[in-house]
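What follows is a set of notes on a single structure, which appears directly below.
The values are calculated or read from the model by the stated rules, or taken from the named source; none is laboratory data. Bear in mind that the values here come from a model prediction, so they are computed numbers and not experimental data. All Cβ positions, even for glycine, are placed from backbone atoms using ideal geometry, and neighbour counts span all protein chains on display. Just the protein is used for accessible areas: all its heavy atoms, side chains included, with ligands, DNA and RNA removed. Shrake-Rupley method; radii C 1.70, N 1.55, O 1.52, S 1.80 Å.
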Amino acid sequence: MAKDGLNYRDAGVDIDAGNRLVDLIKPLVKATARPGADADIGGFGGVFDLKRAGFEDPLLVATTDGVGTKLKIAIETGKHDTIGIDLVAMCVNDLVVQGAEPLFFLDYFATGRLSPEVGAQIVRGIALACKDSGCALVGGETAEMPGMYSDGDYDLAGFSVGAVERSRLLPRADIEPDDVILGLASSGVHSNGFSLVRRVVEHAGLTWHDPAPFAAGKSVGEALLTPTRLYVKSVLSVVRETEAVKALAHITGGGITENLPRVLPKGMLARVDLSNLIVPPVFRWLAKAGGVAPEEMLRAFNCGVGMAVVVAAEEEERVADAFADAGECVIRLGVIEPGEGAAHVVYDGTLGL
């Protein structure tokens, strides 16, 4: 090669940094091992053994998601240790609504210039959430793309696969009028609506480092980076223990308005009593500081409910108690009623903003 010849590092891609990141995350990945996966990384693909995981007649369920512009807050505050939890939660919470047990997870991390230390912080959160969800981190992809992303910027995507025995797939076909809808509390904004959140923060004249008006003792950025709640352990335990859960809905972008109808049959409506919602302070502040109307709040945010659960009326107390015993804060959202056309939500009462 000519003395002044170019190399990959001159073009902005540091292979050695990528290798260092792999070395940093190997013990994190290894800690997520579970029956069916040894969680080694370095090969071209992750292998999972369904038989070793104990399934007899399984259906596979696959999900993919990201964390949206919540990433901007992590990047701009330099706090990268919890955004990986959000990434996993957005995928595995979607798996459990179909009754599926998360089996393995893969991540995609793209950046302008790779910092192994930042990457390791992100993967540490991913591994922590995988372990909490009983999900093996079997691989991923790190892409250094100068010119596509500015230095310091990065993007994340997650991919998860779960399995459910064919006879236990949710939602069930026996959803009917008078069934009860329960709600499981969220941990805050979770990972949806952050383009609006960021606009409200800007409109209020605040920075990420200012004290949060809605969370004592925390900065705005720190409070808004509260990770998405992981519902896997509680949901799977209650579904299996009670055998009474008919349907689950992960309340993400679109809120209750858009997500609950996705698991209801045609000709049914969900009548939700807004006065029963326990609205966290962050949502009250967003509504007031941004002048956001209640109907828009209900479509943009979870407003305090991260998961909805449909059960027969006679099973309400038993299922609610089981979720409480599993560590969830449970409320009665409403009931299923006969409707016309596509499933939809009808609201009663007033949202406590």
| field | region 120-239, relative contact order [Cα under 8 Å, separation at least 6], % | value | 25
| Tell me, what ³J(HN,Hα) does each residue in region 170-182 have, in order and in whole Hz, if you take phi through Karplus 6.51 cos²θ - 1.76 cosθ + 1.60 with θ = phi - 60° and put x for Gly and Pro? | 10, x, 6, 8, 9, 5, 8, x, 6, 4, 9, 10, 9
| message | Tell me the relative contact order for region 62-186 as a rounded percent, counting alpha carbon contacts under 8 Å between residues six or more apart. | response | 38
| task | Give, in nm to one decimal, the length gained when the segment between Asp23 and Ile278 is fully stretched (0.36 nm per residue of separation minus the Cα-Cα distance). | result | 87.4 nm
| field | Residue among Leu260, Gly119, Gly352 farthest towards the positive dipole end of the chain, charges placed on Cβ | value | Gly119
| note | Toy charge model, Lys and Arg Cβ at +1, Asp and Glu Cβ at -1: region 269-324 dipole around Cα centroid in debye, rounded to 20, equals 420
| Ignoring ligands, DNA and RNA, what accessible area per residue does region 186-235 give at 1.4 Å, in Å²? | 45
| said: On a 30 Å Cα-Cα criterion, which of the cross-link pairs Lys131/Lys288; Lys79/Lys131; Lys72/Lys246 come out too long? | reply: Lys131/Lys288; Lys72/Lys246
| query | Based on the alpha-carbon gyration tensor of region 52-150 and its eigenvalue square roots a ≥ b ≥ c, which shape applies: rounded if a/c is under 1.5, prolate if not and a/b is larger than b/c, or oblate? | reply | prolate
| request: Would you be so kind as to identify all helices of the chain, as entire DSSP H runs, whose Cα atoms reach 18 Å or more along the helix's own axis and whose mean Kyte-Doolittle hydropathy is at least 1.0? | output: 83-96
| message | Only four residue types carry charge here, +1 at the Cβ of Lys and Arg and -1 at the Cβ of Asp and Glu. Report the dipole size of region 165-303 about the Cα centre in Debye, rounded to the nearest 20. | response | 260
| query | Using a 1.4 Å probe on the protein chains only, how many percent of the accessible area of region 139-194 belongs to carbon and sulfur? | reply | 49
| Alpha-carbon centroids, region 304-334 and region 63-98: separation in whole Å | 25
| field | log₁₀ of I(q)/I(0) at q = 0.08, 0.12, 0.15 Å⁻¹ - the chain, Debye sum with one point per alpha carbon | value | -0.42, -0.91, -1.28
| request: Whenever you get a sec, compute what percent of the accessible area on region 71-122 sits on carbon and sulfur atoms (1.4 Å probe). | output: 51
| said: At a threshold of 8 angstrom on Cα-Cα distance, excluding pairs fewer than six apart, so keeping six or more, what relative contact order does the chain reach in percent? | reply: 21
| task | Work out the FRET efficiency for Arg318 and His209 from their Cβ-Cβ distance, taking R0 = 45 Å, and round it to the nearest 0.05. | result | 0.45
| remark: FRET efficiency (Lys266, Asp81; Cβ distance; R0 35 Å; to 0.05) is 0.20
| note | So for region 200-353, using the alpha carbon gyration tensor with a ≥ b ≥ c as root eigenvalues (a/c under 1.5 gives rounded; past that, a/b versus b/c decides prolate or oblate), I'd call it oblate
| field | Full-extension gain in nm, Ser195 to Ala342, via 0.36 nm per residue minus C-alpha separation | value | 50.0 nm
| Simple label model, 7 Å out from Cα along Cβ direction - Ala244 to Met145, nm | 4.9
| remark: Per the 1/(1 + (r/R0)^6) rule, R0 = 45 Å and r from the Cβ atoms of Asp153 and Ala216, FRET efficiency to 0.05 is 0.90
| request: For Asp178 and Lys51, compute 0.36 nm times the residue count separating them, minus their Cα-Cα distance, and round to one decimal in nm. | output: 41.8 nm
| field | Loop GluC sites (Glu not before Pro), region 299-353 (other Cβ atoms within 10 Å of the site Cβ: 13 or fewer; DSSP) | value | Glu340
| Farthest toward positive dipole pole in region 179-325 [+1 Lys/Arg, -1 Asp/Glu at C-beta], among Ile181, Cys303, Thr242 | Cys303
| query | Considering only DSSP beta bridges with both partners in the chain, what is the antiparallel share in %, to the nearest 5? | reply | 75
| request: Assign one of three labels to region 83-132, namely rounded, prolate or oblate, based on the Cα gyration tensor with a ≥ b ≥ c the square roots of its eigenvalues; rounded applies when a/c is under 1.5, prolate when it is not and a/b is larger than b/c, and oblate otherwise. | output: prolate
